[in-house]
Amino acid sequence: MPTQATENYLKALYSLHLKNPEISLTELGQRLGVSKPTVNEMIKRLEKEGWVMYERYKPISLTEEGKKMAALVIRKHRLSEMFLSDIMGFGWEEVHQIAEQIEHLKSDIFFDRMDEMLGFPTSDPHGSPIPDREGNMIKNNYKTLSQIKEGETVELKALRSSDKEFLMYLNKKEISLGVEIKVNNIEVFDNSFTVSYGEQVNVVLSQAVAAKLLVEVIK
């Protein structure tokens, strides 16, 4: 059974794996904020468990079992975020740190009951997919708002970042999942977007913000 530390490593490895299946000790250490020797020692433990493949001076890769174990930790985290948001009324900017603690509980029945109470959700408060009990995860092919053409209307489906400061920014702009956004203008100079949504008209979003909003074209 994975410890809290190994679960954190598996989550970090999975996140890096989505960008590149071959992961270096250095980037894993940077993600977790720990030294290279510390990472090396933990990777040896994960290899013994059959969760990673690693040879000295070569990249780390997750095994199929490692991917499943990581996905199940992510499942617990994202279900916890949904429970905190939908049942307990926490804001989407508040749920991450609390879920970081809940996710390490070892009771499958606890999370299965949570899933049932929530109506078996497929995504978390930030739109990220929730893996099923077998570790399977839906892959959504959303575009970023920065890829959308002038004149198109989209629905906000998910976020590329759940950073608290970014979520607070979206709260101030009254932007939430499900909102329909019309692209009125794209500024050639800096690629900023002028958009309208809800009761908000001609709101300017930077290219950096637009690149973090995952959307689906509706018209």
(request) Go through 206, 196, 161 for me and flag whichever is in contact with a Ser or Thr (Cβ under 8 Å, 6 or more places away or on another chain) and either surrounded by 14 or more Cβ atoms within 10 Å (Cβ to Cβ) or of a type in the set (S, T, N, Q) (or both). (result) 206
(message) Among the listed residues 93, 7, identify the single one that is within 28 Å of residue 169 (Cβ to Cβ), under 18 Å from the mean Cα position of the chain (by Cα) and surrounded by 15 or more Cβ atoms within 10 Å (Cβ to Cβ).
(response) 93
(request) Quick one: count up the residues across region 69-99 that are touching a residue at least 60 places away in the same chain (Cβ under 8 Å) and closer than 15 Å to residue 111 by Cβ. (result) 7
(request) Evaluate region 203-212: report whether one residue or more is closer than 22 Å to residue 74 by Cβ and either among the acidic types (Asp, Glu) or touching a His at 6+ places or on another chain (Cβ under 8 Å) (or both). (result) no
(message) Let me spell it out: the conditions are (1) out of contact with any Asp or Glu (no Cβ under 9 Å at 6 or more places or on another chain); (2) part of a loop (DSSP other than H, G, I, E, B), and residue 219 meets all of them except one. Which number is the exception?
(response) (1)
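Every number here is computed from the coordinates shown, using simple stated rules; none is lab data. Nothing here was measured: the structure is a model prediction, and the numbers come from that model. When we count neighbours, we look across all protein chains shown, and the Cβ atoms used for this are built from the backbone with ideal geometry, even at glycine.
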